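Read the structure below first, then the notes.
The values are calculated or read from the model by the stated rules, or taken from the named source; none is laboratory data. None of the values given here were measured: they were computed from a predicted structure. Cβ coordinates were reconstructed from backbone atoms using ideal geometry, including for glycine residues, and neighbour counts include every protein chain displayed. These area figures cover heavy atoms from the full protein model, side chains too; ligands, DNA and RNA do not enter into them. Shrake-Rupley method; radii C 1.70, N 1.55, O 1.52, S 1.80 Å.
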Amino acid sequence: MDQTLRQGAQADLVESSVPGVSWAAVLGGAVASLALTLVLLSFGAGMGFSVVSPWGNSGVSATTFKIGTGLYFIVMAMISSAIGGYLAGRLRTKWVGVQTTEVHFRDTAHGFLAWAAASVVGAILLASPASSLVGGTLAGTTQGAATAAQSSPMNDYVDTLLRSDNPSAQGQQSSSETRGEIVRLFTASFHNGSDLNPADRSYVAKVVSARTGLSQADAEKRVNDVVTQVKTNLDEARKAAMQTAIWLTLSLFIGAFSASLAATEGGGLRDGTWGKKSYAPAINR
């Protein structure tokens, strides 16, 4: 009996010659996860465009769309990561003579590695086509939309500033030099997260008054209104970017957990130990 126990203990100390990581299985799971992510991303983009309407009081609200998009990110990460992790666990090489606790850890690591590889490679390969898919649809297919997308974001605010109340005076509005100066002034001021200083604000008000025929008081009021609108839009853009980053981070964490859990299931089904609670050394077969 003692000899049998000593032989069993010595068998436990023997390190398996099979590598602890099956990289082929990890890469296979990562590729499957990437492909499924692209499919779900394309489907989600189509569904998102179907619920958004350019008409007022039609389609979902902006808040509902943001929340729905975030939840879809999570569901997409769960599905793609779980399938990738399951394949990584199911396709890995069987370890003989390794304790079940170590097998469980390795399966979990395989799922995590598959998720990590898919995330890193996806950030490199899928970021460009995904951005083109979503951005191209939103921007439109006309050349005019492409040209507008490449222009300064401050152009719209300058248009509001220099818009004349008299349509017949449109041809007398500011020259391109003056317009470009105001655009650069707004861009430089708000790029640094600050506001127009009093001297610049007074100068812009004088230009608006001279080009539009407004009184100095009305021109200053228009400048103040436009500056307030710029600040409001910048703050909304900052909050939207923050919310998107939070949703993406949450989806990544959930994706990692889903991939690791699915890999343990795939590995357990591979070895025929799924659902069993025994932590005895694996039987050599």
Point to revise | Net length gained if the chain between Ala237 and Trp23 were fully extended (0.36 nm per residue, minus Cα distance) | key: 72.9 nm
Revision key, fill the gap. For the Phe253, Ala45 Cβ pair and Förster radius 35 Å, calculated FRET efficiency rounded to 0.05 is 0.90
Check your understanding: Label Ser215 and Ile246 with points 7 Å out from Cα along Cα→Cβ: what is the distance between them in nm?
Key -> 4.6 nm
Check your understanding: Rounded to the nearest 0.05, what FRET efficiency is calculated for Thr228 and Thr69 with R0 set to 35 Å and r the Cβ-Cβ distance?
Key -> 0.80
Check your understanding: When every alpha-carbon pair in the stretch 205-261 is counted, what percent end up more than 18 Å apart?
Key -> 61 percent
Practice item. Highest first, please rank the peptides 178-188, 73-83 by the mean number of other Cβ atoms sitting within 10 Å of their residues. Key: 73-83, 178-188
Practice item. Using a 1.4 Å probe and ignoring any ligands, DNA or RNA, find the accessible area of Lys66 and quote it in Å² to the nearest 10. Key: 90 Å²
Point to revise | Packing-based order for 244-252, 33-41, using average beta carbon neighbours within 10 Å, highest first | key: 33-41, 244-252
Practice item. Round to a whole angstrom and tell me the spacing of the C-alpha centers of the stretch 22-44 and the stretch 198-254. Key: 41 Å
